[in-house]
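Read-outs: derived from the displayed coordinates by stated rules, not from any lab. Just so it is clear, the structure is predicted and the values come from calculations on it, not from any experiment. Virtual Cβ from ideal backbone geometry, glycine too; neighbours counted across all protein chains shown.
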Amino acid sequence: MKARLETLLPLAVTGIGLLAALLYLPRTLFVDEYDHWPQAQVFARGGWTVASNLATWPTMNAVVGWLTAVIGQSNNLVAGRAVIAAFGLLAVVAFYRLASEFDATTAGLRSAQFFLSPIVLPFCVLVYTDVPALTCLLWAAVGAMRRDALLMLACVGAACAFRQNDIVWLPALFFLYWWICRQRDQRIPVASVIGFAGIGSAWLLAVWLRGGVASGVDSRSLHPGHLKGLSNVWFALFMGGLIYAPYFVARLWAERRLPIPLIRWMVFAVIVGLTFEAAHPFNLINTDYFLRNAVLKWITTQGGLAVAAPIMVVIGVLVWRTPLSKHPEILRPFLLAAVIALLPFWLIEQRYYLPIFALFWAMRAPVGRVAELSQLLAGAASTAWMLAQIAEHQHFI
């Protein structure tokens, strides 16, 4: 009974948090909702015209528009947000099932920790593409772990349809599926290989039809890819270190030392210094409105990088050395896919990190109970503060 309560209570709290956030936020558009919600309404009215300013394929907009039209609420922003919240609830279930594959005893607590964090919960109640794509990706990972090829392929295909850059997770999931089959001395079914190839081919065809552009607009001018894209990786480590501080402090205490030669530390620090920049105009404006911009401005000015770089190094090492309760061989390939997923982006936004944090958090090994509960309370408190700031039109993440 106690074990069941420890599983169900965090999940119930997470669901209540989603509902509270949905009802709490004012019924006014936020940031990218100004683009996504009107497009959803076009689909709700039966139109097919796609706005030229969308940076993603309009899959999410179509789903939101059609579902709100079915219930007669196509002009109700809360109804549109409720569709995304429903995806969020499906993501919670998928996360719990995936986390259970690694450590069933803490799966419920880790699910609450992740979804009640400030870089996750707000996006679960906004008309954005990130949460529907994350939901599909998590269910695809569940399918891979359970060797359910149909679930895996359908969901990874949907994830790519919601956010086209999720294509980088296709080979990572193929590796995971292959590895699980290998552990059970089974061959990958030919139909599964054909399915993976089909999704990749369909993605390439869509890009080719768009004239080499993988989105509704020419994203090469908005998110040019170059080595400087590594700044997203370093910023992800820095933000991860802040948001999940109780966990990483516990991991650091467990390690007691980081057996990395000094020369490697120096090389890593130099790479951070040479690749970390925030030159995109969107990263340099509205430092009062966008919390990430305030952090970026601090890092890139007045010696802030001297403080941020060591944090990135330490968190990077701790992530690399974090044990998994099961299947430790699969962590590094997923971390590699995570880095590749961030490299093309010049514009730094925390929501780009949702798949990375989700997969790592679902797979990680637990630490002491005090640290785990501290992590949950710290995340929930910072999320409540963040939602209060958003309601006042300040500090949007």
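On the beta carbon distance between D288 and A254, with R0 = 45 Å, the FRET formula returns roughly 0.70. Size check on region 268-336: the Cα extents along the three principal axes, sorted descending, read 44, 25, 16 Å. Estimated at 0.36 nm per residue, the fully extended path between Y34 and Q394 surpasses their Cα-Cα distance by 127.9 nm. Could you let me know the centre-to-centre spacing of region 333-367 and region 234-275, using Cα atoms, in angstrom? What the calculation gives is 15 Å, centre to centre.
Within the chain, which DSSP H helices have Cα atoms that stretch 18 Å or more along the helix axis and a mean Kyte-Doolittle hydropathy of at least -0.5? Let's see the in-between values first.
Numbers: long enough: 2-24 (32 Å, 1.27); 77-100 (35 Å, 1.78); 130-145 (22 Å, 1.52); 149-162 (20 Å, 2.42); 169-183 (21 Å, 0.81); 190-209 (28 Å, 1.92); 230-243 (20 Å, 1.67); 262-275 (20 Å, 2.09); 304-321 (26 Å, 2.06); 369-391 (33 Å, 0.86).
Membrane-span-like by this criterion, though nothing is claimed about a membrane: 2-24, 77-100, 130-145, 149-162, 169-183, 190-209, 230-243, 262-275, 304-321, 369-391.
Under a Cβ-Cβ cut-off of 13 Å, what is the net charge of the residues other than V319 that fall near it, where Lys and Arg count +1 and Asp and Glu count -1? Walk me through the numbers before you get to the answer.
Working: positive: R251, R321, R332, R364; negative: E255.
Summing Lys/Arg as +1 and Asp/Glu as -1 gives +3.
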